[in-house]
Amino acid sequence: MTDHPELHGGSLYLTNDPDLVYQQQQALELLYDFNQTRPHETARRQQLLAQMFAALGKDCYVEPPLHANWGGRFVHFGDGVYANFNLTLVDDTHIFVGAHTMFGPNVTIATTGHPIDPPLRQHGYQYSAPVHIGKNCWLGAGVTVLPGVTIGANTVVGAGSIVTHDLPANVIAYGDPCKVARPISEHDREYYFKQRKIDPGRA
């Protein structure tokens, strides 16, 4: 695509540049094709994702429908990333997702916002800030991650959380706004749900 550095610098920019509009439309054509695939067309889905995304690791699985402002153009997935239904990627700038991270249904990763000043919004200004999600994270159903956020490796974000600030690695966090509840502990290596014990053979 034609270079548009304004997308990635964090500054305000207008969204009505004709070349920007054309490039985005072309990206969305591929997204449309992906969302029309039938369940048995796994090879076709992988082929399309490899065309759509900036980087796609091995053995990734994205369940349609996928929603993305730029059809994944600025999305970087490590190996083994799993996304359930209705992953929404507001990918006007880069989204980096580490290997083996999982997204529950209806997760939104937003890199873009709009100024609070009404006249600026009226004229179509917006800004974008990248999102970084570490390896082996799990974002539960309905989680929303806001622009500029970094989530550390292995962290679990509870369903319905709104992540407005960075989260460290190796914690469980939830809420609106999302806050760290506790570190991942030895208890979590023994129990997988409430008081149900993990079979040692599965470790």
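The values are calculated or read from the model by the stated rules, or taken from the named source; none is laboratory data. The model shown is predicted, which means the values in this text are computed figures rather than measured ones. Note: ideal-geometry Cβ built from the backbone for every residue, glycine included; neighbour counts use all protein chains shown. Protein only, heavy atoms only, side chains kept; ligands, DNA and RNA dropped before computing areas. Shrake-Rupley method; radii C 1.70, N 1.55, O 1.52, S 1.80 Å.
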- Item | Residue list for the range 10-24, restricted to those being exposed (fewer than 13 other Cβ atoms within 10 Å of the Cβ) and not acidic (Asp, Glu) | SER11, LEU14, ASN16, PRO18, VAL21, TYR22
- Can you spot a residue in the range 173-182 that is of a type in the set (Ser, Thr, Tyr) and more than 30 Å from ALA54 (Cβ to Cβ)? no
- Query: What residue, of ILE172, ILE162, ILE184, is surrounded by 11 or more Cβ atoms within 10 Å (Cβ to Cβ), out of contact with any Asp or Glu (no Cβ under 9 Å at 6 or more places or on another chain), among the β-branched types (Val, Ile, Thr) and closer than 18 Å to GLY134 by Cα?
  - Reply: ILE184
- Would you mind telling me which numbered condition in (1) in a loop (DSSP other than H, G, I, E, B); (2) touching a residue at least 40 places away in the same chain (Cβ under 8 Å) LEU28 fails? (1)
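From PHE103, PHE77, PHE96, grab the single residue that is surrounded by fewer than 23 Cβ atoms within 10 Å (Cβ to Cβ), closer than 30 Å to TYR192 by Cα and among the hydrophobic types (A, V, I, L, M, F, W, C).
After ruling out the rest, the residue left standing is PHE96.
Residues being in contact (Cβ under 8 Å) with a residue 60 or more places away in the chain and more than 13 Å from GLY10 (Cβ to Cβ): count how many of those fall in the range 108-124. Spell out how you get there, then give the answer.
Pass one, the range 108-124, residues in contact (Cβ under 8 Å) with a residue 60 or more places away in the chain: 115, 120, 123-124.
Now restrict to residues that are more than 13 Å from GLY10 (Cβ to Cβ): 120, 123-124.
The number of residues fulfilling the criteria is 3.
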- Message: Could you tell me how many of the residues in the range 107-125 are closer than 21 Å to THR150 by Cβ and open to solvent by less than 20 Å² (accessible area, probe 1.4 Å)?
- Response: 5
- Query: How many of the residues in the range 50-71 are assigned to a loop (DSSP other than H, G, I, E, B), within 15 Å of ILE95 (Cα to Cα) and open to solvent by 40 Å² or more (accessible area, probe 1.4 Å)?
  - Reply: 2
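Can ALA159 be described as among the aliphatic types (A, V, I, L, M), at pLDDT 95 or above and over 20 Å from THR88 (Cβ atoms)?
no
When the range 13-25 is examined, which residues are found to be part of a helix (DSSP H, G or I) and of a type in the set (Asp, Glu)?
Going through the range 13-25, the residues part of a helix (DSSP H, G or I) turn out to be 18-25.
Correct list: ASP19 only.
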- Output yes when any residue across the range 25-47 is within 25 Å of GLY140 (Cβ to Cβ), basic (Lys, Arg) and in contact with a helix residue (DSSP H, G or I) (Cβ under 8 Å, 6 or more places away or on another chain), and no when none is. yes
- If a residue has to be surrounded by 10 or more Cβ atoms within 10 Å (Cβ to Cβ) and among the aromatic types (Phe, Trp, Tyr) to count, how many in the range 189-203 make the cut? 2
- Task: Mind listing whichever residues of the range 131-153 are open to solvent by less than 50 Å² (accessible area, probe 1.4 Å) and either part of a loop (DSSP other than H, G, I, E, B) or of a type in the set (Asp, Glu) (or both)?
- Result: GLY134, CYS137, GLY140, ALA141, GLY142, VAL143, PRO147, GLY148, VAL149, GLY152, ALA153
- Item | Enumeration of residues in the range 25-45 that are under 21 Å from the mean Cα position of the chain (by Cα) and either aliphatic (A, V, I, L, M) or buried (at least 17 other Cβ atoms within 10 Å of the Cβ) (or both) | ALA27, LEU28, LEU30, LEU31, PHE34, ARG45
